[in-house]
Amino acid sequence: MRNMFAPRPVLLQFLLGLFVCVTSSIAQAAERERIETFLSVTGFDVALDSIALTAESAPQILGLESSDFGAQWGRVSAQVFAKDTMRGIALDLLEASLSDEALQHAEDFYGSALGQRIVKAENASHMVEDSETTQVAGRRIIADLVRDGAGRVQILNRMSRAVDAAETALASLQEVQFRFIMAASAAGVIELQLDGNDLRAVMAEQEDEMRLSLQRSNLAASAYAYQAFDDAELTTYVTALETPLMQEVYTLLNAIQFEITANRFEALAYELAKVGQGEDI
């Protein structure tokens with residue numbers, strides 16, 4: 001199956017290198033404990049846990065419904081997206097790659113009074129199960145801001161660019177879908193009528209629409225999540241996000257979150273094959 005993949009993104013190649021570099025020396029045990037603290041202080045532990053919520057979209061990506069897998073769906077998805085598994089992968093990667101300087105820099109900001117308020121708000125937004133309701137509310141907030149000519153929209157857009165400076169969000173989303181579909185096909189969950197190149201071509205045709213949809217969704221989600229903060233507080237946050245050390249942190253966290261998501265979706269495909277399902281795509 002691997003030879004059907006197009007050349008992988010630079011971030012993914014970087015992550016493959018990280019997997020090779022991970023060791024299990026006793027000296028790293030204390031460092032791992034510090035990184036666990038880092039995850040808690042910054043809220044990235046909750047962001048990792050929220051990956052499990054993306055499993056809800058898995059059947060739709062394959063043109064199926066969760067009911068197609070019967071009563072086993074809940075058990076299988078919970079097993080594959082277990083919090084301990086995802087956090088373990090993240091800890092291995094961060095332990096091998098996150099510099100002490102960047103770790104301390106992120107902890108200093110997120111450990112501040114403003115930082116902890118932000119973490120609390122972000123944690124709540126990550127674990128919202130009824131995303132449609134928050135999207136509707138967020139779009140209404142944006143509409144009101146645009147109507148009033150408020151500068152807050154520019155602040156939120158600046159924030160979005162800061163947390164994804166490499167603009168990898170769309171490519172990561174497409175790569176997760178591609179790897180999941182190909183894994184599901186290889187496992188016999190679906191019968192894929194396209195080869196890897198054809199599937200990528202179809203995704204490329206949908207790229208502009210997906211990019212616009214993603215931008216709108218992110219903007220609405222941010223408007224809703226940060227509504228309790230004033231413009232000055234959000235500007236302080238954005239300025240902190242734009243510093244080189246915070247950019248180092250977010251580049252790494254985004255890459256790790258992407259790889260864990262793709263890894264778990266591929267694992268899900270092979271577990272679903274054990275349940276039994278066959279459809280044409």
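The values are calculated or read from the model by the stated rules, or taken from the named source; none is laboratory data. Treat the numbers as computed from the prediction; the structure is a model and nothing was measured. Counting neighbours? That spans all protein chains shown, and the Cβs are built from the backbone with ideal geometry, glycine included. Surface areas here come from the heavy atoms of the whole protein model, side chains and all, with no ligands, DNA or RNA. Shrake-Rupley method; radii C 1.70, N 1.55, O 1.52, S 1.80 Å.
Yes or no: region 59-77 includes at least one residue that is open to solvent by 40 Å² or more (accessible area, probe 1.4 Å), touching a Phe, Trp or Tyr at 6+ places or on another chain (Cβ under 7 Å) and either among the small types (G, A, S) or within 15 Å of Q227 (Cα to Cα) (or both).
Looking through region 59-77, at least one residue is open to solvent by 40 Å² or more (accessible area, probe 1.4 Å), touching a Phe, Trp or Tyr at 6+ places or on another chain (Cβ under 7 Å) and either among the small types (G, A, S) or within 15 Å of Q227 (Cα to Cα) (or both).
Does region 101-118 contain any residue that is open to solvent by 40 Å² or more (accessible area, probe 1.4 Å), free of Cβ contacts under 8 Å to residues at least 12 places away in the same chain, hydrophobic (A, V, I, L, M, F, W, C) and out of contact with any Gly (no Cβ under 8 Å at 6 or more places or on another chain)?
yes
Given the options A82, A143, name the one that is farther than 25 Å from Q227 by Cβ and either aliphatic (A, V, I, L, M) or free of Cβ contacts under 8 Å to residues at least 24 places away in the same chain (or both).
From the options A82, A143, the qualifying one is A82.
When the residues of region 203-225 are filtered to those that are part of a helix (DSSP H, G or I) and polar (S, T, N, Q), which remaining residue is surrounded by the fewest Cβ atoms within 10 Å (Cβ to Cβ)?
Filtering first and then ranking leaves S213.
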